[in-house]
1. If packing is taken as the average count of other Cβ atoms within 10 Å, what order do 17-29, 182-194 fall into, highest mean first?
2. How large is ³J(HN,Hα), in whole Hz, for each residue of region 43-51 in order, when computed from phi with the Karplus curve 6.51 cos²θ - 1.76 cosθ + 1.60 and θ = phi - 60°, using x for Gly and Pro?
3. State whether region 1-138 is rounded, prolate or oblate according to the following rule on the C-alpha gyration tensor (a ≥ b ≥ c being the square roots of its eigenvalues): a/c under 1.5 gives rounded; otherwise a/b larger than b/c gives prolate, and the remaining case gives oblate.
4. Round to the nearest 0.05 the FRET efficiency obtained for residue 147 and residue 6 when R0 = 30 Å and r is the Cβ-Cβ distance.
5. Please find the FRET efficiency linking residue 109 to residue 25, where r is the Cβ-Cβ separation and R0 is fixed at 25 Å, and quote it to the nearest 0.05.
6. Provide the per-residue ³J(HN,Hα) series for region 75-86, in order, calculated from phi with Karplus coefficients 6.51, -1.76, 1.60 and θ = phi - 60°, each as a whole number of Hz, with x at glycine and proline positions.
7. Once amide H atoms are placed 1.01 Å from N in the peptide plane, what residues at a sequence separation of 5 or more from residue 93, or on another chain, have their amide H within under 5 Å of its amide H?
8. Taking the Cα-to-Cβ direction at residue 55 and at residue 121 and moving 7 Å from each Cα, how far apart do the two end points lie in nm?
Amino acid sequence: MALGVFLAVAVLAGFVYLQLEVHRFCGVMYEPLRPPALTFLWIVLAAGLLVAAAQARAGALLTVVFWTVVCLAIGKLVVVDLRVWGLSPEHLSFSLAKGYSWAVAAMRALDFMVVVLFAAWAARRLHREGRGGAVLFAVMSLLVLFFYLTAEVNTLVRHYVPGLRAGGISLLWSVYALALVIAGIRRASRPLRLAGLLLFAVVGLKVFFVDLSHLEPLYRMLALIAMGLITLGGTVLYLRNAERFQPDTDEEKAS
């Protein structure tokens, strides 16, 4: 018991020290590096707790601490980092006050991808160990990636091709939907396939009720052609692999 308390205090002290040190170091060296660097520290702590919870005797307590750290890390990303990156809820894009910087964009990507990769890793590990929370982390990984890509592409299009803004998001969502369908086919995962098909439906509604009235004629034509090809490709792929969905149907009937 005493050893456990000592280790907990040591880990907490080390974590606080690293937070302060990294915060100061990034402020001196390169300010945009600060958010992803601090996020990385939180994710490393969460990953260590997840591994320790599966091996230590006090697994239940460590699991509670793990979920607390995960919530704080996500809270930091949503409350602190989005403000640092200047997210505009109205435009769903990051700040362009100083123009579009590829270096800053790389730091944003690092900030979000650390969380995405951790959530995907945690989902696989929890699923393999038969512990709860795997589905939650899988959904978290997909949602964080979807949100980041939407905001980043929106920012990029707003800066370089303002007239394609609405269509650019629709193209991104179509590609994301196609990726979900492909992943669902390869993994024989019905939820992934349904999520992809649902997103295709959302894109279709967005195109007819939003994009057609906001896009310039040239961009409208190009966006519709591209989205049509992506949707057609997804449909053909889905129909050609329909026999692979049969195991899911059999399992549902058996249950």
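The numbers here are math on the coordinates, done by the rules we state, and not lab data. Nothing here was measured: the structure is a model prediction, and the numbers come from that model. Neighbour counts run over all protein chains shown; Cβ positions are idealised from the backbone, glycine included.
1. Averaged packing, sorted descending, gives the order 182-194, 17-29.
2. 5, 4, 4, 4, 5, x, 5, 5, 5
3. oblate
4. Numbers: r = 40 Å, r/R0 = 1.34.
Here the calculated transfer efficiency is 0.15.
5. Numbers: r = 21 Å, r/R0 = 0.82.
Taking R0 as 25 Å, the efficiency between residue 109 and residue 25 is 0.75.
6. x, 4, 4, 7, 7, 8, 5, 5, 6, 4, 7, x
7. Excluding prolines and chain starts, which carry no amide H, the hits are 88.
8. 1.4
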